[in-house]
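First comes the structure, then the notes that go with it.
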Amino acid sequence: MDNLKLVKRARRGLSAALLGLVTFGPLAVQAQSSQPVRLVVGYAAGGPVDAAARLFAPALAKELGMVVIVENRPGAGGVLAGNSVAKAVPDGLQLFFAGSPTITISPHVLKSMSFNPVTDLSPIAPILSYTNVLVVSKDQPFKTIKELLVYAKANPGKLTYGSAGVGASNHLSGELFAKRTGTEFNHIPYKGNAPAMTDVIGRQISMMFDIVGSARNYITSGRVRALAVTSRERNPSLPDVPSMREEGIADYEVGGWFGLYGPAKLPAAIVDRYNDATRKALANEELRSKLVEQGYDLWLGAPKTLSDRASKELALWATVTKGIQVD
């Protein structure tokens, strides 16, 4: 009888173990896997999205107890990276460190959008929000927004501005700026903010809208000149730079965010685990200080917080992007 009880107990234990693997299978595999978690970034190394991801990755790795590596897949405004994650196995080993333009702008401007951000990705966690700043080559003849507009209207089409690609937030920042001010600029798309900034410094292009976090060092070192931030108020990390509102463009405001996504049908247990790990990672005081110092605002919340904002902005950008479309 004792032996029979032992056999039944063993069977119950085996069933429970199997149930655990069914319910939390991918997590169980991760715990034993030598494979790292890949944090896929859709822009070139050295740009703002890449820099933020590389700050975030070690903190996330610590909370997960796993190796987390950043993988750059630049091109098409982050769409190549998003597509690779959308088509990945939903086991939590490949995640998309997404910039908001890929989720909220690219679907409106890319005819060949290869995935649907709403249906092909699982929102996991919001991470950061940001604002842009308009910077120009330091030896340009204009030093303020008013002077820039006078020059632009006197020289229609002569000024060029760079971006991280068609549909990137800094591309649309430029489009909206031109519409609001009645000016004309030539857009030059790059594969990331970093190469565009290099060409601003070298005067191959006239200007660009860059994320405050990545532009700040170039501004404070004097390599570029900042004319205005795109938020309603001044940014604390650039207190001497006016807002577009202060410069007389009252109806101009552009911002963005970074969020963590996985493939569609990512098990709820993985989503919950990664959301919790993200919150804990961003609670790290050292990481928080670095991000805030660079001009970012920490943005914490549930997966729904991320999906709700994405849905709202997807509708908003539909109007601004009207008439802008590429293959």
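Tell me the strands (runs of 3 or more DSSP E) entirely within the stretch 133-235 that contain at least 2 residues that are open to solvent by less than 20 Å² (accessible area, probe 1.4 Å) and in contact with a helix residue (DSSP H, G or I) (Cβ under 6 Å, 6 or more places away or on another chain).
Fully inside the stretch 133-235 and qualifying: 160-163, 207-211, 224-229.
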query = Can you find even one residue in the stretch 94-116 that is open to solvent by 50 Å² or more (accessible area, probe 1.4 Å), within 27 Å of residue 301 (Cα to Cα), modelled with pLDDT of 95 or more and part of a loop (DSSP other than H, G, I, E, B)?
reply = yes
message = Can you find, within the stretch 85-106, the residue that is farthest from residue 306 (Cα to Cα) among those that are small (Gly, Ala, Ser) and touching an Asp or Glu at 6+ places or on another chain (Cβ under 9 Å)?
response = 86
ask   = Among (1) farther than 30 Å from residue 119 by Cα; (2) at pLDDT 95 or above; (3) in contact with a strand residue (DSSP E or B) (Cβ under 6 Å, 6 or more places away or on another chain); (4) polar (S, T, N, Q), where does residue 235 come up short?
value = (2)
ask   = Which of the following residues is within 16 Å of residue 123 (Cβ to Cβ) and small (Gly, Ala, Ser): 46, 99, 65?
value = 99
remark   = Residue hits (the stretch 274-294; in contact with a Gly (Cβ under 8 Å, 6 or more places away or on another chain) and modelled with pLDDT of 95 or more) are 274
note = When (1) within 22 Å of residue 271 (Cα to Cα); (2) open to solvent by 30 Å² or more (accessible area, probe 1.4 Å); (3) under 19 Å from the mean Cα position of the chain (by Cα) are applied to residue 91, the one that fails is (3)
query = Within the stretch 164-171, is even one residue without any contact (Cβ under 8 Å) to a residue 12 or more places away in the chain and of a type in the set (Val, Ile, Thr)?
reply = no
remark   = Reported set for the stretch 53-84 where residues are touching a Lys or Arg at 6+ places or on another chain (Cβ under 7 Å), not small (Gly, Ala, Ser) and not in a helix (DSSP H, G or I) is 69, 70, 71, 74
request  = Kindly indicate whether residue 83 is free of Cβ contacts under 8 Å to residues at least 40 places away in the same chain, crowded, with 19+ Cβ neighbours inside 10 Å and within 17 Å of the chain's Cα centre (by Cα).
outcome  = yes
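The values are calculated or read from the model by the stated rules, or taken from the named source; none is laboratory data. Please read all numbers here as calculations on a predicted model, not as lab measurements. Don't worry about glycine lacking a Cβ; one is built from the backbone with ideal geometry, like all the others, and counts go over all protein chains shown. We work out accessible area using only protein heavy atoms, side chains counted, and drop any ligands, DNA or RNA first. Shrake-Rupley method; radii C 1.70, N 1.55, O 1.52, S 1.80 Å.
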